[in-house]
Structure formats: C-alpha cells, structure tokens
Amino acid sequence: MNASDERQMLDAISRWLEREVRPKAHALEHDDIYPEEMVAQMKELGLFGATIPQLYGGLGLAASTYARIVAMISEVWMSLTGIFNSHLIMAAAVARYGTEAQKQRFLPKFASGEIRGGLALTEPDCGTDLQAIRTRAVRSGSDYIVNGTKTWISNGIQGSCFALLVKTDPAAQPRHKGMSLLLAEKRDGFRVSRKLEKIGYKGIDSAELIFEDYRVPADCLIGGEEGRGFHHAIGGLELGRINVAARGVGVANAALKDSVAYAQLRKTFGKPICEHQAIQLKLGEMATRCEAARLLVENAARAYDAGERCDMEAGMAKYFASEAALENSIEAMRIHGGYGYSKEFNVERYYRDAPLMCIGEGTNEMQRIIIAKQLIARNPA
Ligand SMILES: Cc1cc2nc3c(=O)[nH]c(=O)nc-3n(C[C@H](O)[C@H](O)[C@H](O)COP(=O)(O)OP(=O)(O)OC[C@H]3O[C@@H](n4cnc5c(N)ncnc54)[C@H](O)[C@@H]3O)c2cc1C
C-alpha cells in the first residue's frame, strides 16, 4: 500500500469512527453489548483481513500502518480493536507457519470476516507460564481428540474458529517440544461454558471454552508438524504486543484530548483550570507520554516490517504505552474532578480499559524481563 492509499484508508476509518462509532460507543459499552453493526462495517472496511497477505484476500498492511489504525480506533473505543486483533493473530499463525492447503482454505475466509475467531492459549491455572498448559490432544486415526479448558478467550462466544494451543506430548522435555497449535472450529465437543464479566473492555466477549472429546482433523494442525505450537503461538506475540501498544497510544491520547478540552472549559477561582500550574504539569506529562509511546510503537513496527528481531522493541512499546494509558487515564480523572468519577463522561471508561493493556499479550512484569534479557544478549561484556 503506497502513502496515498494509506491516507485514504486512514481517512475512511476516521470518517467511520466519527459517524458510526463515537455516537454509539458509550451506550453499547455501558450495557456490554456486542457491536454487531460495527462488526459488519469493520468487515466492509477490510479490517478482518488487515494484515493478511493480499494473495489470500487480505489488505496486506504493514505493521506500521496497522498500528496507526489500531491507535485511531482505540482513541474512540478500544474494545473494537480486540474483535479483529486476536483474529488477526490467529490468521498470522496460519500465514506464517501454515501449510499451503491451510492458507488457501482458511485465510480468504478469515480476511472477509466470514470466519472470525482468536487465540486460545490461556488456561484457568496458567497464563504467563504457557508451557504448563494441560489441554491434551491425542491422535486417533485422521483426527486429534482434544480435552481441556481455556479461559479469558477473546471472541470466545462470537467467534467460530480459534488457534488452540494443546499438548500433544505432555512428557516432552523441554516442555515446549510437546506443544502444538490446532485450528479449532466450533462443533460437537467444543462449547462455551460461560461469559466472563470484566470491569472494562466491554462489548467484546471474553469466555471460558471447554473441549470434551472434541475431534479436530489432523490436517488442522498448523504447519502439519507436532511440537512447533509454542513457537507458532509466541511467534505472533511480537505483532500482538505492537498492537496492544498501539491500543495504549489510543487510550492515552483519548485521555489527553478530553483533558485538554475540559481544562479550558472548567473554571475555578476565576480562570480556566488549564491556567493553574498544577494542571499544566499534568497536561505536560500526559502529552509527553503520548508522544513517547507513539514513537516507541512506530520504532517497533518499523523493525517488524523490516523483518528484524524486535522482541525488545515490541516489549518496550507495549510496556511503556500501556503504562502511559493507565497513568493518563488516572490523570484525566483527576483533571475532571468529580466528573471524572461520573458514568456520563468517557474518562471513567479509560481507566477501566487501560489496565488490560498492562496484562494482555504478556504482562508488563514479563515485558521488563524480556527487555533486560535482550539487553544483556545484545551487549555481551
Ligand atoms: C480481558 C482479557 C482478555 C484476554 N484475552 C485472551 C485471549 O484472547 N487468548 C488468550 O489465550 N488469553 C487471553 N487473556 C489472558 C491473558 O493473556 C493472561 O491473563 C495473561 O497472560 C496473564 O496470565 P495469568 O492471568 O494467568 O497471570 P499469571 O501468569 O498467573 O501471573 C500472575 C502475576 O505473576 C506475574 N508473573 C508470572 N510469572 C512471572 C515471572 N516469571 N516473573 C515475574 N513475574 C511473573 C505476572 O506478571 C502477574 O503479575 C486475556 C485476559 C484478559 C483479562
């Protein structure tokens, strides 16, 4: 996509956000309603195929363009990005590691949004330590028989296909050698046990999924070779982290923009509060965080697009931008005074949404550990 195509796409998304999303997001979010109409519009905008190669019907966007789109949408309603984001990480696993037959069969339907889904890695007793998963897949003729439970799965209710991380050899050492990634479509044996209630990130469904003697045809093993699932799952996380970082940029910006506007309108002691130094200090810090977060995301996306190793860059972007969203949302609440605690303003949504970015796609504790390890590896004494 050249610069002018990119501009056109960003303009179309911006118009859609102002016309369709901004006026409706508040009510849908508060009632935790899945935004069906917006999902249909996102299909038309091509967002379900944003990063899928053009050869398979997607838009084939570079990570840097995609990150800009994610930040723009998150500035209006962050939850929407989760609906296509984890779907695209599933698609990326197929595009990068799948067999040609899997690419031809699944990617065009993922790109059109006809089949939508996400990533099913986390289990009730493990998230960070993914190698400890217990969901088991046993080969039986031309199928795998899967038993286990996954939790916190985004799009779990509305989606129909998931990249499902399983143990094909629980005794393998190291543990990751016994892990595989399957493309699991909903049918007998695969059910949603419950919708999980959250403080924020509403509208999008997060669910617990149960697999009971669920049969997956062996040709749905991504890449066709057992034991590669852990690498396939974490191989998508660099892009995933850049995306979560871009969401952080969007929420941090939204908190800043609302605060800049409010601080000029609200008066105390005869002048707008933006003329009080205490508020100016906050605005100055918030704006600097936004700019730094945006630059870190751009830097990580550029490295990703250039095919460079970028776990450190993506980790820095994800860590900093998500903390920026959290800090800016709390500062926005303070600047709005009592109204920051009101459900009538968007500010309270920002500080309910922001913490998720500090947890998802690898917690921020883990990001700092990844950054430090890479720092040592790249700078041997
Ligand atoms: C709204 C939402 C949506 C999600 N969507 C998905 C999804 O679509 N698919 C999916 O698979 N998962 C999803 N998740 C799960 C998410 O990825 C996990 O919650 C996350 O990876 C953390 O795992 P955990 O909750 O098990 O925490 P734990 O792994 O139990 O961690 C608990 C705490 O210990 C810290 N910790 C753990 N190990 C270390 C260590 N070695 N060193 C230092 N600190 C450590 C962590 O940083 C954290 O602070 C979602 C979660 C939420 C809340």
Flag if Thr128 is polar (S, T, N, Q), part of a loop (DSSP other than H, G, I, E, B) and near the ligand (Cβ under 10 Å from one of its atoms)
yes
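For the structure I just gave you, tell me whether Ala71 is in contact (Cβ under 8 Å) with a residue 40 or more places away in the chain, touching a Pro at 6+ places or on another chain (Cβ under 9 Å) and either buried (at least 19 other Cβ atoms within 10 Å of the Cβ) or among the aromatic types (Phe, Trp, Tyr) (or both). Working first, answer last.
Details: in contact (Cβ under 8 Å) with a residue 40 or more places away in the chain: yes; touching a Pro at 6+ places or on another chain (Cβ under 9 Å): no; either buried (at least 19 other Cβ atoms within 10 Å of the Cβ) or among the aromatic types (Phe, Trp, Tyr) (or both): yes.
For Ala71, the condition - in contact (Cβ under 8 Å) with a residue 40 or more places away in the chain, touching a Pro at 6+ places or on another chain (Cβ under 9 Å) and either buried (at least 19 other Cβ atoms within 10 Å of the Cβ) or among the aromatic types (Phe, Trp, Tyr) (or both) - is not met.
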Tell me, please, whether a residue that is assigned to a helix (DSSP H, G or I) and without any contact (Cβ under 8 Å) to a residue 40 or more places away in the chain can be found in region 314-322.
no
Any residue in region 292-313 that's under 19 Å from Val251 (Cα atoms): show its pairings with residues that are of a type in the set (Ser, Thr, Tyr) at Cβ separation under 6 Å, as long as the two are six or more apart or on different chains.
Ala301/Ser64
What are the residues in region 131-152 that are free of Cβ contacts under 8 Å to residues at least 60 places away in the same chain, of a type in the set (A, V, I, L, M) and within 16 Å of the ligand (Cβ to nearest atom), if any?
Ala132, Ile133
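When the residues of region 323-349 are filtered to those that are among the aromatic types (Phe, Trp, Tyr) and assigned to a helix (DSSP H, G or I), which remaining residue is nearest to Ile199 (Cα to Cα)? Spell out how you get there, then give the answer.
Just the residues of region 323-349 that are among the aromatic types (Phe, Trp, Tyr), to begin with: 339, 341, 345.
Narrowing further to those that are assigned to a helix (DSSP H, G or I): 339, 341.
On the way: Tyr339: 19, Tyr341: 14 Å.
If we take residues in region 323-349 being among the aromatic types (Phe, Trp, Tyr) and assigned to a helix (DSSP H, G or I), then Tyr341 is nearest to Ile199 (Cα to Cα).
A quick yes/no check of all residues on (1) at positive phi; (2) in contact with a Phe, Trp or Tyr (Cβ under 8 Å, 6 or more places away or on another chain); (3) surrounded by fewer than 24 Cβ atoms within 10 Å (Cβ to Cβ); (4) among the aliphatic types (A, V, I, L, M):
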| site | (1), (2), (3), (4) |
| --- | --- |
| Lys257 | no, no, yes, no |
| Cys274 | no, no, yes, no |
| Ala287 | no, no, yes, yes |
| Asp305 | no, no, yes, no |
| Ser322 | no, no, no, no |
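Just so you know, all these numbers are worked out from the coordinates, no wet-lab data involved. Remember, predicted model here, so these are calculated numbers, not experimental data. Reconstructed Cβ throughout: ideal geometry from the backbone, glycine too, with neighbour counts over all protein chains shown.
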